[in-house]
Amino acid sequence: MLFGISVNDPVTMAGVVGLLTFVAFAQGKKLEFVAYESAAEGLLENVDGKYRIVEVSVQPIVVLSSEADIAAARTIMAEVKENCFISNSITADVKLTPQFKLASDVTQAQMP
């Protein structure tokens, strides 16, 4: 259990902890965001006769109120991978490919 969330695999864990790391950094910088959604995928390969996850791809989508907030979120997101304890703890390569959107460009139905 991590913060009340049952997480059983490193792929899901990378997505959840990436979110928590972003939220913590955003709060520290007083950045408010409208919405956050994330997907994570893992690449499983046979390495030396054993299957292992060799790559984790995390694709967060962050919805913000202004261009200035997007710039701040980009700066924060750049710090997330290097400070995320999951990406620092697993041997798989973690790729973080965020998208940033303005709330004014996203309809309620499209909101994460």
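None of the figures in this text is laboratory data; all of them are computed from the coordinates on show. These numbers come from a predicted model, not from an experiment. Cβ atoms come from the backbone with ideal geometry, glycine included; neighbour counts cover every protein chain shown.
Quote to one decimal, in nm, the extra length available between Asn83 and Ser65 on full extension: 0.36 nm per residue of separation minus the C-alpha distance between them.
4.0 nm
Working ranking of peptides 33-46, 12-25 by packing, defined as the average number of other Cβ atoms within 10 Å per residue, highest first, is 12-25, 33-46. Calculated [222 nm] ellipticity per residue, helices only, for the chain: -11000 deg cm²/dmol; basis is -39500 (n - 2.57) per DSSP H run with n ≥ 4, divided by all residues, nearest 500. Against the longest principal axis of the chain, how steep is helix 67-83, in degrees 0 to 90 to the nearest 10, with axes from Cα atoms? Around 20 degrees separate the two axes. Working note: Cα gyration tensor of the chain, eigenvalues times five, square-rooted, sorted largest first, giving semi-axes of 28, 14, 13 Å.
State the antiparallel share, in %, of DSSP beta bridges confined to the chain, rounding to the nearest 5.
Here the antiparallel bridges make up roughly 65 percent for the chain.
Give the lysines whose C-alpha is closer than 30 Å to that of Lys29, dropping any in the same chain fewer than 8 places away, or say none. Partners within reach: Lys81, Lys95, Lys101.
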